[in-house]
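> So that we are looking at the same thing, I have put the structure below in structure tokens.
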Amino acid sequence: MSEEQTGVTKKSFGDNNGHSTKRLKLSENARASFEGAYDVSVLNEKRTQKAVFLQGKFPENPEADAVIILEQKPFDVSPKALSGLLSVETELSVDMNNDIYSTYNAIPARGICGLKATLIYPASKKHINKYKKQDIFAITETGEDYQQITLPYLEKQFSNNVFNIQWVYNILDHKQESERIIFEDCDPETGFVLLPDMKWDAKDAKSLYVIAIPHKRGIKSVRELTGKHLPLLENIELKALGAIKQKFGLDRKSLRLYFHYQPSYYHLHVHITHIELDIPGTSVLRAHLLYDVIENIKLKSDYYQQKTFSFTLVQNDPLLEELCTNRNI
């Protein structure tokens, strides 16, 4: 059958080792540098992730805030990269030397080891709060809580354009990031796009992190899934795994597929990561495995409307205030 007959469109993205074969085009608002950044402050630092989260401004829009995330990239362990790293081009200064043990401050040649920079600009208050270091609290939410507190809060945020997911629709409509799409099933009810998460450089398969975003709109999160959504969930599971196997050589036993609750944005999406990737968001207070979600819905169609969820919220999250105020926590 043709792609038109099946409603499936396949996009070429890299080889089986996860190396990109296509240079991404810069969009109109992409930057060539961070020149002119000012009022820069540190929102948070995560040393285990080798990442720093910054807030700042740019001169072209002094009223707008920017969030800049700087992360150390994984090492390129190809023979060519290693030969360049272990060469005269890498400058060493001794920190400690004791018998057979020594440590150095090493500065490699330009281009061998770099940083990944993520820019959110203009950044909303929600973005800033998301990355700011804050106290974290464990919260429970019953099905009744969701209907009476959480859902009205979410709808208010959408109506006030606080939760803006236009960027998601831009991806689904191929207005932005179409060159990054790994795989696409165009069916309006069960189809989805599969593309790299912003946290992944799309090169190292062992740090794979991709997102499956359904074409069907109006499903905010796992909380709203019922039996009628099983064809969508099973289609994502089957075809996303197939596409990842074909493009990156990874099969199911090397991957975890899961939802976040609460999610970072309220259009249903599935996270797919390498099983060895140690990242935030995979703990029992955030992640819900796709396989388990499918099985639970098969047992009871409204399982996730009745379920009491446990999750974490940071101190300044307005949803925490809503839940605490209305439940007298």
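> Taking residue 167 and the conditions (1) touching a helix residue (DSSP H, G or I) at 6+ places or on another chain (Cβ under 7 Å); (2) modelled with pLDDT of 90 or more, which numbered condition does it fall short on, given that it satisfies the others?
Residue 167 satisfies all of (1) touching a helix residue (DSSP H, G or I) at 6+ places or on another chain (Cβ under 7 Å); (2) modelled with pLDDT of 90 or more except (1).
> To continue, here is another question. I'd like the full set of residues that are open to solvent by 50 Å² or more (accessible area, probe 1.4 Å), more than 15 Å from residue 223 (Cβ to Cβ) and in contact with a helix residue (DSSP H, G or I) (Cβ under 7 Å, 6 or more places away or on another chain), limited to the range 299-319.
316
> Just to be sure I understand, how many residues within the range 56-92 are of a type in the set (D, E, K, R), surrounded by 11 or more Cβ atoms within 10 Å (Cβ to Cβ) and over 28 Å from residue 279 (Cβ atoms)?
The number of residues fulfilling the criteria is 3.
> Then there's this: Applying the selection to the range 198-221, what residues are under 23 Å from residue 275 (Cα atoms), assigned to a loop (DSSP other than H, G, I, E, B) and open to solvent by 20 Å² or more (accessible area, probe 1.4 Å)?
198, 199, 201, 203, 204
> Just need a number here: residues in the range 205-254 that are under 30 Å from residue 156 (Cβ atoms), under 18 Å from the mean Cα position of the chain (by Cα) and charged (D, E, K, R).
Qualifying residue count for the region: 1.
> Could you give me the residue pairs with C-beta distances under 6 Å whose first residue belongs to the range 72-83 and is more than 15 Å from residue 109 (Cβ to Cβ), whose second residue is of a type in the set (Ser, Thr, Tyr) wherever it lies, and which are 6+ apart or on separate chains?
If the second residue must be of a type in the set (Ser, Thr, Tyr), the pairs left are 74/207.
> Do we have residue 158 as among the aromatic types (Phe, Trp, Tyr), in contact (Cβ under 8 Å) with a residue 24 or more places away in the chain and under 23 Å from residue 122 (Cα atoms) here?
On the way: among the aromatic types (Phe, Trp, Tyr): yes; in contact (Cβ under 8 Å) with a residue 24 or more places away in the chain: yes; under 23 Å from residue 122 (Cα atoms): yes.
In short, yes.
> Residue 247 versus (1) closer than 12 Å to residue 212 by Cβ; (2) in contact (Cβ under 8 Å) with a residue 40 or more places away in the chain; (3) surrounded by 22 or more Cβ atoms within 10 Å (Cβ to Cβ): which is the lone unmet condition?
Against the list (1) closer than 12 Å to residue 212 by Cβ; (2) in contact (Cβ under 8 Å) with a residue 40 or more places away in the chain; (3) surrounded by 22 or more Cβ atoms within 10 Å (Cβ to Cβ), residue 247 comes up short only on (1).
> Here is a list of conditions, (1) surrounded by 17 or more Cβ atoms within 10 Å (Cβ to Cβ); (2) under 25 Å from residue 68 (Cα atoms); (3) of a type outside the set (D, E, K, R), and residue 235 meets all of them except one; can you say which number that is?
Among (1) surrounded by 17 or more Cβ atoms within 10 Å (Cβ to Cβ); (2) under 25 Å from residue 68 (Cα atoms); (3) of a type outside the set (D, E, K, R), residue 235 violates only (2).
> Output the number of the condition that residue 272 fails; it satisfies all remaining conditions of (1) surrounded by 18 or more Cβ atoms within 10 Å (Cβ to Cβ); (2) of a type in the set (A, V, I, L, M, F, W, C); (3) out of contact with any strand residue (DSSP E or B) (no Cβ under 7 Å at 6 or more places or on another chain).
(3)
> Then there is this: Would you mind telling me which numbered condition in (1) open to solvent by less than 70 Å² (accessible area, probe 1.4 Å); (2) in a loop (DSSP other than H, G, I, E, B); (3) in contact (Cβ under 8 Å) with a residue 40 or more places away in the chain; (4) not aliphatic (A, V, I, L, M) residue 53 fails?
(2)
> Give, as residue ranges, the strands (runs of 3 or more DSSP E) completely inside the range 247-329 that count at least 2 residues that are among the hydrophobic types (A, V, I, L, M, F, W, C) and over 29 Å from residue 203 (Cβ atoms).
309-314
For (1) under 25 Å from residue 126 (Cα atoms); (2) in contact with a His (Cβ under 8 Å, 6 or more places away or on another chain); (3) of a type outside the set (Gly, Ala, Ser), each residue gets a yes or a no:
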| residue | (1), (2), (3) |
| --- | --- |
| 246 | no, no, yes |
| 262 | yes, no, yes |
| 266 | yes, no, yes |
| 271 | yes, yes, yes |
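> Are any residues in the range 287-329 basic (Lys, Arg) and modelled with pLDDT under 95, and if so, which ones? Even if it seems obvious, please write down each step before you answer.
Kept after step one, since they are basic (Lys, Arg), are these residues of the range 287-329: 298, 300, 307, 327.
327, the sole residue that qualifies.
> In the range 222-232, what residues are surrounded by 20 or more Cβ atoms within 10 Å (Cβ to Cβ) and in a loop (DSSP other than H, G, I, E, B)?
225
> Could you please let me know if residue 59 is over 15 Å from residue 132 (Cα atoms) and either of a type in the set (A, V, I, L, M, F, W, C) or touching a helix residue (DSSP H, G or I) at 6+ places or on another chain (Cβ under 9 Å) (or both)?
no
The values are calculated or read from the model by the stated rules, or taken from the named source; none is laboratory data. As the structure is a prediction and not an experimental result, all values here were calculated from the model. Every residue, glycine among them, receives a Cβ derived from its backbone with ideal geometry; neighbour counts consider all protein chains shown. For the accessible areas, the whole protein counts, side chains as well, though only heavy atoms, and no ligand, DNA or RNA atoms are used. Shrake-Rupley method; radii C 1.70, N 1.55, O 1.52, S 1.80 Å.
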